[in-house]
Amino acid sequence: ARSNTALGQGLLALLSRGDLDEQAWEDVEDTLLTADLGVEATTQLVDSLRTRVRVHGNADEATVRGWLREELVALVDPAMDRTVVSSRVDGRPAVILVVGVNGTGKTTTVGKLARVLVAEDKDVVLGAADTFRAAAADQLQTWGARVGVPTVRSDREGADPAAVAFDAVKGAAELEADVVIIDTAGRLHNKVGLMDELGKVKRVIEKQSPIDEVLLVLDATTGQNGLRQAEVFSEVVGITGIVLTKLDGTAKGGIVVAVQRKLGVPVKLIGLGEGPDDLAPFDPEGFVDAIID
Amino acid sequence: MFTSLSDRLTATFKNLRTKGRLSESDVNKTVRDIRMALLDADVALPVVKEFTHAVRERALGAEVSQALNPAQQVVKIVNEELVAILGGSTRTIRFAKSGPTVIMLAGLQGAGKTTLAGKLAKWLKDQGHTPILVAADLQRPNAVTQLQVVGERAGVPVFAPEQGNVGGHDAVGPTGEGTKSFGDPVAVSRDGIREAVNRQHDVVIVDTAGRLAVDENLMKQAGDIRAAISPHEVLFVIDAMIGQAAVETAEAFLEGVDFTGVVLSKLDGDARGGAALSVAGVTGRPIMFASTGEGVKDFEVFHPDRMASRILDMGDVLTLIEQA
Ligand SMILES: Nc1nc2c(ncn2[C@@H]2O[C@H](COP(=O)(O)OP(=O)(O)OP(=O)(O)O)[C@@H](O)[C@H]2O)c(=O)[nH]1
Ligand SMILES: Nc1nc2c(ncn2[C@@H]2O[C@H](COP(=O)(O)OP(=O)(O)OP(=O)(O)O)[C@@H](O)[C@H]2O)c(=O)[nH]1
Ligand SMILES: [Mg+2]
Ligand SMILES: [Mg+2]
């Protein structure tokens, strides 16, 4: 743990001065804001911590730090169910739909998730329902080849994404696969036409099979707009989990705290790089420690 | 739920009807509102602090205005400061005096570089230039294929001597390790310039792989590409949705490749785009273009005044002031 963070200094200063001055509290606040927690969550956390310190009388640095960690962990809610459905359900393949705004890491996540499942000896099929972006299907197919699973795709640019998704789910059923993962085109949540198209992809898949997981891929560098993304995608396709990518950089992804709280949808997986093995389960305590240490 | 700066300041205005001197408490209250709005708009904290400090100083020292109430006067100052930072040194592409103009693109993964390469090429072509694209991202699966498709859509040739990461030739082996070498992006970039000279293209646009600020190896590779091709412009492409990571990222790229200009991408979204202020404020490099969609034409020259009112959602506040 680095000791020269704003928080460390703030709390140390607070201790050496023997009381909690505004500068110390501002340093605590800065740490949370810098992690993209947002003004609202930050203000609430700091207020509740201030109350605790006031009630307690005098608290030393370690205690205050412990409280902050405790409150943050509570906010992130370790009790949430973070499992990803990935085995056959009722005698049919599990269906996972992957959605999100442009460039967050959807296709990469599909590849990495397939890799994890292959390592668990599962039969996986990929569906390239991004028929829009240049070479999107090629990118997914390369991922399929990298991790050794088949990819269902259209050879025609601009093909109907719902039709490709349908074919992939049908193909997976015929192959008696364990799970089929459908990659979709990136789309900004404020584009009504594109969001309608995504709704259609979901409905068409459901003619073939229920969908077990809808994973929203959020880029950890995303700021406060991430909440809006989650709200709109949730309205349109009912997301069941978040994948927080690019956590191998300096960004902490604090916006997911607001997302989990407002929508009750848990972060399930995290992306830690561009390689096939750079996907991990979300760990609430590790996430919190990365913010405050 | 979302309280915009307009809402907040309208409330403040109600309580500050009296015209006259800007009292310290008037200024403090308004500056606090502005701080919150800037943070909600994802402006990076160090930039917020510097900015509100400057605004506060200026507001306290401001001349007494006959026409504006105190809060309005602060907002006017804020707007002027914002536009000054965002548009401090607006300019367009600097072309080479002789030989091809070399433009290198750099940025985080998924920022919008490859898409921008097509847009920029099309924009230049429409102005009578003869651009060529160079595929120097050999890392992301099918990045080269993607650039080839983008080039086709823009109607410009693509120099792609290496296919990069395709077809799973780095398939995960029994050890679980994939290979990572797909060719030499520095050599491809250098050869791309030679190709442009030989075929008499007057602009070369080099697309590079996305990289993280903390990835020293990849950042060094970007620096090596820059050194090999001596670009006239290095454009740093940044996603308008980025949050507090903007400052560290911009600083790392400034150090790693010393970019000369900024392109703000995905401005067709509904993010406030505080990143614009973060990057311009910290690096002093001009924001030159805005990327506003996935199509090859969704591209425009950057407008600092529009961006200022977008960041603070100040449209109607400014109208109020103009009417005062
Ligand atoms: N460092 C890092 N890079 C990542 C991670 N996940 C994805 N990327 C990179 O981010 C870029 C975009 O990833 P994609 O998987 O193509 O993103 P996408 O959401 O499918 O993009 P679109 O389909 O164009 O919307 C690529 O360069 C990936 O290699 C991650 O966890 N860490
Ligand atoms: N809506 C919108 N999407 C954009 C814009 N610019 C790029 N995109 C999309 O964002 C995604 C990523 O764009 P790319 O051009 O592949 O980004 P990149 O920086 O080259 O990504 P890497 O090479 O993986 O680092 C794609 O889905 C693009 O279509 C834009 O201005 N608006
Ligand atoms: Mg994709
Ligand atoms: Mg690219």
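What follows is calculated from the coordinates using simple rules that are stated; it is not laboratory data. It should be emphasised that the depicted structure is a prediction, and the values quoted were computed from it without experimental measurement. With ideal geometry, Cβ positions are generated from the backbone for all residues, glycine too; neighbour counts draw on all protein chains shown.
Straight-line reach from A:LYS200: taking Cα to Cα under 20 Å and skipping same-chain neighbours fewer than 8 places apart, the lysines in range are A:LYS106, A:LYS170, A:LYS191. Considering only Cα atoms, the convex hull volume of segment B:153-307 works out to 152 Å³ per residue. Place a point 7 Å from Cα of A:THR83 in the direction of its Cβ. Which residues in segment A:192-213 have their backbone N less than 15 Å from it? Of the residues in segment A:192-213, A:212-213 have backbone N under 15 Å from the label point off A:THR83. The lysine pair tally for segment B:70-184, using Cα distances under 23 Å and a gap of 8 or more places or different chains, is 5.
What is the Cα centroid distance between segment B:221-267 and segment B:117-132, reported in whole angstrom? Segment B:221-267 and segment B:117-132 have Cα centres spaced 21 Å from each other.
Partner shielding of A:139-149 amounts to 5, given as the average count of beta-carbon atoms from other chains within 10 Å of each residue beta-carbon.
Order the peptides A:88-100, A:38-50 from the highest to the lowest mean number of other Cβ atoms within 10 Å of their residues.
Working: A:88-100: 20.8, A:38-50: 17.7.
Those peptides, ordered most packed to least, come out A:88-100, A:38-50.
Counted by neighbouring Cβ atoms within 10 Å, the residues A:MET80, A:MET195 run from fewest to most as A:MET80, A:MET195. The mean number of partner chain beta-carbon atoms within 10 angstrom of a residue's beta-carbon across peptide A:31-39 is 4. Roughly what angle does helix B:113-126 make with the longest principal axis of chain B, taking Cα atoms, 0 to 90 degrees, to the nearest 10? Orientation of helix B:113-126: about 90 degrees from the principal axis. Per residue of B:257-270, other chain Cβ atoms within 10 Å of the residue Cβ number 2 on average.
Highest mean packing first, where packing is the average number of other Cβ atoms within 10 Å per residue, the peptides A:232-239, A:254-261, B:208-215 line up as A:254-261, B:208-215, A:232-239.
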